[in-house]
Amino acid sequence: AAALLSTRNVDKGIYGASLADRVGMLVSLNQDRPDIAILAANAARIPDQAQALRAAHPDAAFDFVVGYDTLIRVFDPRYYDDMARDLAGFFEHHRLIAMNRGAVTVDEVRRFLASEAAAAFASRIVACELEEEPSRLSSSLAREGVARGDGSLLIPGAVRDYIERRGLYRDGAVATER
């Protein structure tokens, strides 16, 4: 298993914590979970992240775990010059593991996989169902909980300690990088 930090996002800049603090939180996660590799890519789109990972680790295989919201973005043509070509290249080497999120059920994920947008690659996408409680969890929810002083149970111990030491997400203290 690996945690991938992307320094870019197709929809937004880095907010909530600086890039250095995001790296610090991942390093802290690795203290609690040394079985999780920490990876980084300077690419916004998953196909580009995958290409960077293949170049850096040619003998490794990578599947990407995504929530429903990210699954939808993978198939959004506004992020591509040639979506069919880019996705064909991605799915030739990788799979997506797509999870339900929040109010979105796994049946809705499966319906999307049968849609015209995703059907050509549906055999390379695995729909998995999270139970209700974990499906509602998100980094936004964890950050909001820390700001209120009650979000620590959502965050692994060493990461929680890092956040507390650095004073992240408290009193509206939000670092932004673009």
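The values are calculated or read from the model by the stated rules, or taken from the named source; none is laboratory data. Given the structure is predicted, the values throughout are model-derived calculations rather than measurements. In this analysis, Cβ positions are derived from the backbone assuming ideal geometry, glycine residues included, and neighbour counts consider all displayed protein chains. Note: accessible area is taken over every heavy atom of the protein model, side chains too, but ligands, DNA and RNA are not part of it. Shrake-Rupley method; radii C 1.70, N 1.55, O 1.52, S 1.80 Å.
Over the chain, what is the relative contact order in whole percent, taking alpha-carbon pairs under 8 Å and six or more residues apart? Can you show the working numbers first?
Working: 223 pairs, mean separation 48.6, N = 178.
Value for the chain: 27 percent.
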Share of the chain's accessible area from carbon and sulfur, percent, 1.4 Å? 50 percent
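Evaluated at 20 °C with a viscosity of 1.002 mPa s, what Stokes-Einstein diffusion coefficient in µm²/s does region 59-142 have when Rh comes from the Kirkwood expression over alpha-carbon pairs?
Value of D from the Cα-based Kirkwood radius: 159 µm²/s.
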Can you give the calculated 222 nm mean residue ellipticity of the chain, where each DSSP H run of n ≥ 4 adds -39,500 (n - 2.57) and the sum is split over every residue, rounded to the nearest 500 deg cm²/dmol? -12500 deg cm²/dmol
If I histogram all Cα-Cα distances within region 92-139 using bins 10 Å wide from 0, what percent of pairs lands in each bin? 28, 48, 23, 1
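Kindly state, to the nearest 0.05, the FRET efficiency for Arg124 paired with Lys12, given R0 = 25 Å and r defined as their beta-carbon distance.
On the way: r = 27 Å, r/R0 = 1.07.
Efficiency, rounded to the nearest 0.05: 0.40.
Once you list every other residue whose beta carbon is under 13 Å from the beta carbon of Ala52, what net charge do they have if Lys and Arg are +1 and Asp and Glu are -1? Show your work: numbers first, answer last.
On the way: positive: Arg8, Arg45, Arg54; negative: Asp48.
Net charge in that neighbourhood comes out at +2.
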Accessible area in square angstrom per residue, region 27-122, 1.4 angstrom probe: 55 Å²
At a probe radius of 1.4 Å, what is the per-residue accessible area of Glu129, in Å² to the nearest 10? 130 Å²
Sort Val104, Val74, Val126 from largest to smallest accessible area, using a 1.4 Å probe on the heavy atoms of the protein chains. Val126, Val104, Val74
Sort Thr7, Thr105 by accessible area with a 1.4 Å probe, largest first. Thr105, Thr7
Stokes-Einstein diffusion coefficient for the chain at 25 °C in a medium of 0.890 mPa s, Rh from the Kirkwood formula over Cα pairs: what value in µm²/s? 139 µm²/s
So in the chain, what percent of DSSP beta bridges are antiparallel if you round to the nearest 5? 10 percent
Put +1 on the Cβ of every Lys and Arg and -1 on every Asp and Glu Cβ in region 70-118; which of Phe90, Ala117, Val104 then has its Cα farthest towards the positive end of the dipole? Val104
Compute the separation of the alpha-carbon centres of region 23-65 and region 95-137 and state it in Å as a whole number. 22 Å
State to the nearest 20 debye the size of the charge dipole of the chain about its Cα centre, where the only charges are +1 on K and R beta carbons and -1 on D and E beta carbons. 380 debye
